[in-house]
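A.B. asks: Below you will find the structure I want to go over with you.
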Amino acid sequence: MQKYIIHGGKPLSGGIRISGMKNAALPILFATILASGKSVLHNIPDVSDVHAAIEILRSVGAEVIYRPDGIEICTDSVSPGIAPYELVQKIRASTYLMGAELGRFHTTRVAMPGGCDFGQRPIDLHIKGFEALGASIQLSSGYVCGEAPNGLFGSEIYFDTISVGATVNLILASVLSDGITVLDNAAREPHICDLANFLNACGARITGAGTSVIKIKGVDKLHGVDYTVIPDMIEAGTYMVAAAATKGKLTLTDIIPKHMDSVTAKLIQAGTVVEEGINSLTVSSGESIRGIQIKTLPYPGFPTDMHPQFSVLLSLSDETSTITEGIWENRFRYADELCRMGANITVNGKTATIKGQGGLCGVPVKAVDLRAGAALVVAGLAAEGRTEISDVGKICRGYDHLVEKLRDVGADITLVET
Ligand code: UD1
């Protein structure tokens, strides 16, 4: 078991280069199954979810080589339906194997996925979408089994709920189908655009990514390409909050400031100073942290993955704030841990009321999921005294070289094996 030991209360200062986006890299890695020949992916973050995805790809026959400038993948020898349960259950993104295998082979058999535990995480929209394209889907003994012996055919699909996962899977399943697919009420996240841009570079014909209506004209074949993944907006957002929470000043580079708009707006409302460059943002603390109201929503709304980190910042205020969760109603399990550090958070249904206590104190806490764990790191950096965070493997799922990046800007954080 690995732990972080943090001695907090030190303002962070300096620059952090933001890595490639985990939530774009994962669908793109699975999308390589659809392209023949070799692809080289650049700016793939060094995080354990990516390593798990690569293990899954290798287990189905992909050849993957780590190069100094990126990851080289050839999926010509992939066989469908053989990904082992032990690998697949490690990451939520293994659902993307279904869309990619159905798209290329018209058959799939994938164990129900793992990932962060926010309670029920249904995949009914993915399944309904595959069926609309002509696949027959059975759920049997924890596996999703799909067959489309006559191939997949373009269809008009309206998603009842905006779902990143279902939008990704239906893009993957339809790019090689016969005819035109229209995805309505699709997710608009930057990682959806990045997936579409990668597939279009491979020869796909996808338009409208980034809007709520995506059109996919099926093509016969895709080819491998060189592609650079976009920067990670959640990693950037986490360090923006860390700058504000530690009363420090950080310049985040290699980012797309536009992707940060909702986070930047809420930081400014809370009293933080944010200066925008072309590919950078400089964040410094204001005179005080003000109480604010936040509701998480699909992009371009405020991201659910930034909710726990903002709870930390708002706990440092002297005022009262609320955060309403619009995506995952069970996303409040971090609150108990934060309360042990001196926060005053009351959860009522989908809303957390945070009565700012002006500060936090270091105690032993546990990372309950990826972003909750990142929030505890921010809390530990801002808190007085020593914070010990256990179960940090959950944080390594999504933060590339977190300890090194934070130490470079003045944090006293150490990874220890216990
Ligand atoms: C979601 C977030 C994503 C975040 C990730 C991990 C959104 C829109 N999605 O992505 O930003 O990185 O969690 O925190 O913000 N749903 C169904 N049926 C389905 C699929 C989803 O009802 O078949 C519902 C879910 O219960 C949830 C909502 O749709 O309430 C969004 O889910 P979805 O976007 O698919 O989840 P992820 O792709 O994991």
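The values are calculated or read from the model by the stated rules, or taken from the named source; none is laboratory data. Because the structure is a prediction, the values reported are computed rather than measured. For neighbour counting, all protein chains shown are included, and Cβ atoms are generated from backbone atoms with ideal geometry for every residue, glycine included.
A.B. asks: Among the residues of the range 143-153, are any in contact with a helix residue (DSSP H, G or I) (Cβ under 6 Å, 6 or more places away or on another chain) and of a type in the set (S, T, Y)?
C.D. replies: Within the range 143-153 (the criterion being in contact with a helix residue (DSSP H, G or I) (Cβ under 6 Å, 6 or more places away or on another chain) and of a type in the set (S, T, Y)), the answer is no, since none of the residues qualifies.
A.B. asks: Looking only at the range 83-122, count every residue that is in a loop (DSSP other than H, G, I, E, B), at pLDDT 85 or above and hydrophobic (A, V, I, L, M, F, W, C) and tell me the total. Even if it seems obvious, please write down each step before you answer.
C.D. replies: Keep residues of the range 83-122 that are in a loop (DSSP other than H, G, I, E, B), which gives 83-84, 89-91, 106, 112-122.
The next check asks that each one be at pLDDT 85 or above; those that pass are 83-84, 89-91, 106, 122.
Filter again for hydrophobic (A, V, I, L, M, F, W, C), leaving 83, 91.
Qualifying residue count for the region: 2.
A.B. asks: Can I ask one more? Taking the range 185-203 on its own, how many of its residues are outside any helix (DSSP H, G or I), buried (at least 24 other Cβ atoms within 10 Å of the Cβ) and over 19 Å from the mean Cα position of the chain (by Cα)?
C.D. replies: Of all residues in the range 185-203, those outside any helix (DSSP H, G or I) come to 185-189, 202-203.
From what's left, buried (at least 24 other Cβ atoms within 10 Å of the Cβ): 186, 189.
Retained after the next criterion (residues that are over 19 Å from the mean Cα position of the chain (by Cα)): none.
Total meeting the criteria: 0.
A.B. asks: Right, here's the next one. I need the full set of residues from the range 354-395 which are within 16 Å of the ligand (Cβ to nearest atom) and either over 17 Å from L316 (Cα atoms) or among the acidic types (D, E) (or both), in order please. Spell out the reasoning first.
C.D. replies: Quick first cut of the range 354-395, residues within 16 Å of the ligand (Cβ to nearest atom) only: 367-375, 394-395.
The answer is A367, V368, D369, L370, R371, G373, K394, I395.
A.B. asks: The conditions are (1) surrounded by fewer than 16 Cβ atoms within 10 Å (Cβ to Cβ); (2) part of a helix (DSSP H, G or I), and D318 fails exactly one of them. Which is it?
C.D. replies: Evaluating D318 over (1) surrounded by fewer than 16 Cβ atoms within 10 Å (Cβ to Cβ); (2) part of a helix (DSSP H, G or I) leaves (2) as the failure.
A.B. asks: Quick check, is A243 part of a helix (DSSP H, G or I), assigned by TED's automatic domain parsing to the domain that holds R104 and aliphatic (A, V, I, L, M)? Reasoning before the result, please.
C.D. replies: Values: part of a helix (DSSP H, G or I): yes; assigned by TED's automatic domain parsing to the domain that holds R104: no; aliphatic (A, V, I, L, M): yes.
When the stated conditions are applied, A243 does not pass them.
A.B. asks: Next up: Restricting the search to the range 47-58, which residues are over 19 Å from D400 (Cα atoms) and surrounded by fewer than 17 Cβ atoms within 10 Å (Cβ to Cβ)? Lay out the reasoning, then the answer.
C.D. replies: Step one: filter the range 47-58 for residues over 19 Å from D400 (Cα atoms), giving 56-58.
Answer for the range 47-58, where residues must be over 19 Å from D400 (Cα atoms) and surrounded by fewer than 17 Cβ atoms within 10 Å (Cβ to Cβ): just R58.
A.B. asks: Within the range 149-184, how many residues are of a type in the set (S, T, Y) and in a loop (DSSP other than H, G, I, E, B)? Can you show your working first?
C.D. replies: The first filter runs over the range 149-184 and keeps only residues of a type in the set (S, T, Y), leaving 155, 158, 161, 163, 167, 174, 177, 181.
From the residues that got through so far, the ones that are in a loop (DSSP other than H, G, I, E, B) too are 155, 161, 163, 177.
Summing the residues that are of a type in the set (S, T, Y) and in a loop (DSSP other than H, G, I, E, B) in the range 149-184 gives 4.
A.B. asks: Just name the residue that is nearest to the chain's Cα centre (by Cα) out of those in the range 261-303 that are in contact (Cβ under 8 Å) with a residue 40 or more places away in the chain and within 14 Å of the ligand (Cβ to nearest atom).
C.D. replies: P303
A.B. asks: Can you list residue pairs whose Cβ atoms sit under 9 Å apart, with the first residue in the range 225-243 being closer than 18 Å to K258 by Cβ and the second being within 16 Å of the ligand (Cβ to nearest atom) and part of a strand (DSSP E or B)? Count only pairs 6 or more apart in sequence or on different chains.
C.D. replies: Partner pairs satisfying both residue conditions: T228/G20; V229/G20; I230/G20; P231/G20; D232/G20.
A.B. asks: Determine, yes or no, whether Y66 is away from the ligand (no atom under 16 Å from the Cβ), aromatic (F, W, Y) and farther than 24 Å from D232 by Cβ.
C.D. replies: Details: away from the ligand (no atom under 16 Å from the Cβ): yes; aromatic (F, W, Y): yes; farther than 24 Å from D232 by Cβ: no.
Judged against the criteria, Y66 is not a match.
A.B. asks: So which residues in the range 59-82 are buried (at least 21 other Cβ atoms within 10 Å of the Cβ) and under 19 Å from S140 (Cα atoms), if there are any at all?
C.D. replies: P80
A.B. asks: Restricting the search to the range 122-164, which residues are in contact with a Phe, Trp or Tyr (Cβ under 8 Å, 6 or more places away or on another chain) and within 7 Å of the ligand (Cβ to nearest atom)?
C.D. replies: L125
A.B. asks: So H7 passes all but one of these: (1) out of contact with any strand residue (DSSP E or B) (no Cβ under 6 Å at 6 or more places or on another chain); (2) in the same structural domain as K247 (by TED's automatic domain parsing). Which condition number does it fail?
C.D. replies: So H7 meets the others, but not (1).
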